[in-house]
Number of protein chains: 2
Amino acid sequence: MSQLLSIVKECDLFPYEQDLKPSHYLLKTHDGRATIGHIIPTVATELLDKFPDFLTLKPSKELWINPKLSTESLRSTKIAEVASQLRQTHIEQFPTLKGWRAELYTAYYPNHTKYFQIERAFAPLLGIVMYGVHINGYIPASEEEGLKLWIPRRSIHKPTFPGMLDNTIAGGLGGGLDPLETAVKESYEEAGIEQSYIRHNLKQVGSVSYIYICQDEGGLIQPEIQYVYDLKFTKEMIPTPIDGEVQEFYLMPLGEVLQKLNNREFKPNCALVVIDFLIRHGFITAENEADYLEIVHRLHRNVGLPTR
Amino acid sequence: MSQLLSIVKECDLFPYEQDLKPSHYLLKTHDGRATIGHIIPTVATELLDKFPDFLTLKPSKELWINPKLSTESLRSTKIAEVASQLRQTHIEQFPTLKGWRAELYTAYYPNHTKYFQIERAFAPLLGIVMYGVHINGYIPASEEEGLKLWIPRRSIHKPTFPGMLDNTIAGGLGGGLDPLETAVKESYEEAGIEQSYIRHNLKQVGSVSYIYICQDEGGLIQPEIQYVYDLKFTKEMIPTPIDGEVQEFYLMPLGEVLQKLNNREFKPNCALVVIDFLIRHGFITAENEADYLEIVHRLHRNVGLPTR
């Protein structure tokens, strides 16, 4: 297996085998119509024990949302109650709750219908799909030099992946913002780029998706979809951290980016967005990468749950 | 479902459901290690009846290649014999054989190992993965005008999809050529573009994959992977058909391209490559396309068989 395929597999950790007997529970909608999340046994046990009016255990390890929670509003209220109680009683057992931000994410029913709102830090416990935007800031190739990417190093004070390399700009899709609005907001907060410049130059170029398993959190299953953008920088523009999440920005030639990918210096999911960039810009090709086709497939994994 | 998602599904026809009981047979390697193709019942019956030393029927509708065919060379020789005999006796029953070109394609074992060579026109009967290159020739946006794509109309004399719109340049990966060499060769043959220009300007940008079902051929299952390239044209360059496969080239603004996609004027698999182009260039976005994420996933379907 090639280096780059290993990097993809280190982020897209959830098995692909169709006949796998899963050890986790499937979170089903109140009508049983769709699976909308993956819940690991330690979380399932606590939820069933403490909140019998939230989930019901059915055969085949299915956890159905209580049919009485028949509207988006009823479900969101119940989930807010569960989340806030667990935060008080289970914060050591479920450390994701330490990242509480009072920021609401949305879970979806089939046909892109909003199904419930959920606190961002609680969402990984239900294993629903989470969304973000990731932006590749780059300076195009010129006569003298090849294309270069602006790569930030995460602050060493970040609770997750401190000090690792990241995408130029990235953020979660919360608070009811759409991808474009999120991209504009994060571009200013993380890199100091003015709204008017972003709105004229930001190009949406696809999405990258995978199912991560968070070992630090007891194996929480995290299906994620990132909307991907390219943003052309002029030579004069220097990204400047505003909100303290980034320690420093480097302007890197693609050869150096590839080397740092292979050294595992990137946050795992950001590595995937960089690999996608290198493929779209013709730097990784079928001729120089043995596992090219498998990498392209896996970067666009169908997470198997209803989506936005 | 959106128009564009319908277009993707009209090409990516093979069902996704994991628990589907398939009516077709699985072509297995001689050691049973991997499934390498999908064979429909009418073809399976003839092969088992006429060539008992080629395939053996096993439980679960598996067709194993005879274990005596233990080398690439033995398998290729046997397959050439089967193909050539069927061409003499079954050409009306299996019309794909009318497209005989004496051009060899390669089937793969896991880890990208070559498994056998096979006549291009016979390959669809075994339902192995077939590969091609598809090139989007475009003129970048300027101050005055938006980006435009060069779109050819297929000759009305082509046996398949006569008169439909196509990608600027496209061709199958045969005769032992790699994707880049195929791209260079087809660019000259189909559009009269000089080697030196292509080699300097062609950019590989990913792949598009799907599993087509050919209704005209009794439902043959055709997993296909297309290597995708973008090729920037100067305003002075006019593509010129050399080999007669193309009737005419049009230079189309993207709005017109989208309209012709929606009118189903494109050959089904070429429509997917165009949709991928429109996504990568920011013309189709999450904001203007309701099924954006599902479209991105399906354009990069994992065909579930070993690949190049």
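Heavy-atom accessible area per residue, chain A, 1.4 Å probe: how many Å²?
Values: 13010 Å² over 308 residues.
Accessible area per residue: 42 Å².
Residue order by solvent-accessible surface for B:D216, B:D166, B:D53 is B:D216, B:D53, B:D166, largest first, with ligands and nucleic acids left out and a 1.4 Å probe.
In nanometers and ordered shortest first, the copy-to-copy spacing of the B:F51 label point, defined 7 Å from Cα toward Cβ, is 5.9. On the beta carbon distance between A:S6 and B:A34, with R0 = 22 Å, the FRET formula returns roughly 0.55.
Using a 1.4 angstrom probe on the protein heavy atoms only, could you order A:L74, A:L48, B:L220 from most to least accessible area? Walk me through the numbers on the way to the answer.
On the way: A:L74 80, A:L48 50, B:L220 5 Å².
Largest accessible area first, the residues go A:L74, A:L48, B:L220.
Summing Lys and Arg as +1 and Asp and Glu as -1 over all other residues whose Cβ lies under 15 Å from the Cβ of A:D216 gives a net charge of 0. In the complete set of protein chains, residue-level accessible area for A:H281 is approximately 40 Å², probe 1.4 angstrom. One residue of chain A places its C-beta nearer than any other to the axis carrying A onto B; that residue and its whole-Å distance are A:H300, 2.
Placing unit charges on the Cβ atoms only, positive for Lys and Arg and negative for Asp and Glu, gives the protein assembly as shown a dipole magnitude near 1320 debye about its Cα centre. Here A:L48 and A:L177 are evaluated by their C-beta separation; at R0 = 35 Å the FRET efficiency comes out at 0.55.
Rg(Cα) of segment A:25-126 divided by 2.2 N^0.38 Å?
Numbers: Rg = 12.7 Å, N = 102, 2.2 N^0.38 = 12.8 Å.
Normalised Cα radius of gyration, segment A:25-126: 0.99.
The calculated FRET efficiency for A:T89 paired with A:D243, based on their beta-carbon distance and R0 = 41 Å, is about 0.85.
Accessible surface of A:W64, taken over heavy atoms with a 1.4 Å probe and every protein chain present, rounds to 60 Å². Spin-label model, A:E145 to A:A80: label points 7 Å out along the Cα-to-beta-carbon direction sit 5.0 nm apart. With label points defined 7 Å past Cα in the direction of Cβ, position A:T234 shows copy-to-copy spacings of 2.7 nm, given to one decimal and shortest first.
Within a Cβ distance under 13 Å of B:S6, other residues only, what is the Lys/Arg minus Asp/Glu net charge? Spell out each step's value before the answer.
Details: positive: B:K9, B:R264, B:R298; negative: B:E10, B:D12, B:E289, B:D291, B:E294.
Value of the local net charge: -2.
If you wrap segment B:185-238's Cα atoms in a convex hull and average its projection over all directions, what's the area in nm²?
Numbers: hull surface 20.8 nm².
For segment B:185-238, averaging the hull's shadow over all directions gives 5.2 nm².
Of the residues B:T35, B:T182, ranked by 1.4 Å probe accessible area with the largest first, the sequence reads B:T35, B:T182.
In nanometres and ascending order, the distances from the B:P110 label point to those of the other copies are 3.4 (point 7 Å from Cα along Cα→Cβ). Any idea of the total accessible area buried by the A-B contact, 1.4 Å probe, rounded to 100 Å²? Using a 1.4 Å probe, the pair buries roughly 2700 Å².
Over segment A:25-126, with every protein chain in place, what whole percent of the accessible area is carbon and sulfur at 1.4 Å, could you tell me? Carbon and sulfur: 52 percent of the exposed surface of segment A:25-126. In the assembled protein chains, B:M237 presents an accessible area of approximately 40 Å² (probe radius 1.4 Å). Once you order the gyration tensor axes a ≥ b ≥ c over the Cα atoms, which shape class does the protein assembly as shown get: rounded for a/c under 1.5, otherwise prolate or oblate by comparing a/b with b/c? Taking the square roots of the gyration eigenvalues as a ≥ b ≥ c, the protein assembly as shown is oblate.
Placing a label point 7 Å from the Cα of A:K114 along the Cα-to-Cβ direction, the residues of segment A:54-75 whose backbone N falls under 14 Å of that point are A:71-75. Cross-link partners for B:K148 among the lysines, with Cα-Cα distance under 18 Å and sequence neighbours closer than 8 places in the same chain left out: A:K203, B:K203, B:K232, B:K235, B:K260. Shown for segment A:181-224: residues covered by the partner protein chains by 20 Å² or more of accessible area relative to the chain by itself (probe radius 1.4 Å), namely A:K203, A:Q204, A:V205, A:G206, A:S207.
The values are calculated or read from the model by the stated rules, or taken from the named source; none is laboratory data. Model, not experiment: these values are computed from the prediction. Here the Cβ is made from the backbone with ideal geometry for all residues, glycine too, and neighbour counts use every protein chain on show. All accessible areas refer to the heavy atoms of the entire protein, side chains included, with ligands and DNA or RNA removed. Shrake-Rupley method; radii C 1.70, N 1.55, O 1.52, S 1.80 Å.
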